[in-house]
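Report on the following structure.
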Protein chains: 2
Amino acid sequence: MNDEHYMKLALQEARKAFDLDEVPVGAVVVMKDQVIGRGHNQVELLNDVTAHAEILALTSAFQHLGSKYLPEATLYVTLEPCVMCAGALYWSKIGRIVYGASDPKNGYGHTCAQSPFHPKTQVEHGLLQDECAQPMKDFFKAKRS
Amino acid sequence: MNDEHYMKLALQEARKAFDLDEVPVGAVVVMKDQVIGRGHNQVELLNDVTAHAEILALTSAFQHLGSKYLPEATLYVTLEPCVMCAGALYWSKIGRIVYGASDPKNGYGHTCAQSPFHPKTQVEHGLLQDECAQPMKDFFKAKRS
């Protein structure tokens, strides 16, 4: 399967968050063409600001593998990770990160002077960025109306 | 109770981690002179790199209060938070952070160009810094021997 396929799965996760009135971000962790973790933002449901899509997807991948490092895995996430999630990805030593839309307000690029990731982690962005940005636009438009 | 008292409770948490062969960091969250969350590093036990003392202490405070924001609370932690924990503290809007020892390798100061915390969060450091650094020194000395 290709990157686009997995980003679409991350988008499905984002839609789950949207339907639950959560900021619509979704993530999946993939290793050897298998989804080993998935998550959508559950900050409101869990009353926990750490319950971002990436953290939940990583945690489920750790449990699935019984390992706290993911050097052979890729995280697909619809939005640029925040500083917290970037830090979690650093510790996980994940092999690759693919994110869709940029987040100029809360993305890690706003606060981090240098790459916060592990030196071996590859980072790509912009995949399906319009589709990834749309749920966020819809969500915040509905909040303002 | 004063800051030193609460930092000693964070040190008790760090010692629990040490006894379990985890990197010895401990944290407590205090609001209105009550401990509302505590945590020690459980990365090895949980096989989860996000299980840092601060994250566990924050999460237990969120559950205790039924609130995902902690503007009236103080986090006491024995070591300078990493980027991930700094990001989590940002989202929590915690009122005050007091950390003991600095962490030139993995502390947030190493990676963040600007303060990663909420603009209203006060940050202090150096309280009982020698006592806070000691478990880390002992831990890594034992690992090398």
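Residue-wise test of (1) within 13 Å of chain B (Cβ to nearest Cβ); (2) not hydroxyl-bearing (Ser, Thr, Tyr).
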| residue | (1), (2) |
| --- | --- |
| A:72 | no, yes |
| A:76 | no, no |
| A:83 | yes, yes |
| A:90 | yes, no |
| A:94 | yes, yes |
| A:106 | yes, yes |
| A:114 | yes, yes |
| A:135 | no, yes |
_Any pair with Cβ under 6 angstrom, 6 or more apart, that starts in the range B:1-19 at a residue that is under 15 Å from residue B:38 (Cβ atoms) and ends at one that is assigned to a helix (DSSP H, G or I) and open to solvent by less than 30 Å² (accessible area, probe 1.4 Å)_ = B:14/B:135
*Only residues that are among the polar types (S, T, N, Q) and at the interface with another protein chain (Cβ under 10 Å from one of its Cβ atoms): list them for the range B:41-59, please.*
B:47, B:50, B:59
*For residue B:30, all conditions in the list (1) in contact (Cβ under 8 Å) with a residue 24 or more places away in the chain; (2) open to solvent by 80 Å² or more (accessible area, probe 1.4 Å) hold save one; what is the number of the exception?*
(2)
*Which one is nearest to residue B:96 (Cα to Cα), of the residues in the range B:25-40 that are of a type in the set (Gly, Ala, Ser) and away from every other protein chain (no Cβ under 13 Å)?*
B:27
*What is the one condition in (1) more than 19 Å from residue A:85 (Cα to Cα); (2) under 12 Å from the mean Cα position of the chain (by Cα) that residue B:20 does not satisfy?*
(2)
*What is the residue count in the range B:34-49 for residues that are open to solvent by less than 10 Å² (accessible area, probe 1.4 Å) and within 13 Å of the chain's Cα centre (by Cα)?*
2
*Please verify whether the range B:3-24 includes one or more residues that are in a helix (DSSP H, G or I), within 12 Å of chain A (Cβ to nearest Cβ) and open to solvent by 10 Å² or more (accessible area, probe 1.4 Å).*
no
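The values are calculated or read from the model by the stated rules, or taken from the named source; none is laboratory data. All values reported here derive from a predicted model rather than from experimental measurement. Positions of Cβ are generated from backbone atoms using ideal geometry, with glycine treated the same way; all protein chains shown enter the neighbour counts. Accessible surface is based on the protein model in full, side chains and every heavy atom, while ligands, DNA and RNA are left aside. Shrake-Rupley method; radii C 1.70, N 1.55, O 1.52, S 1.80 Å.
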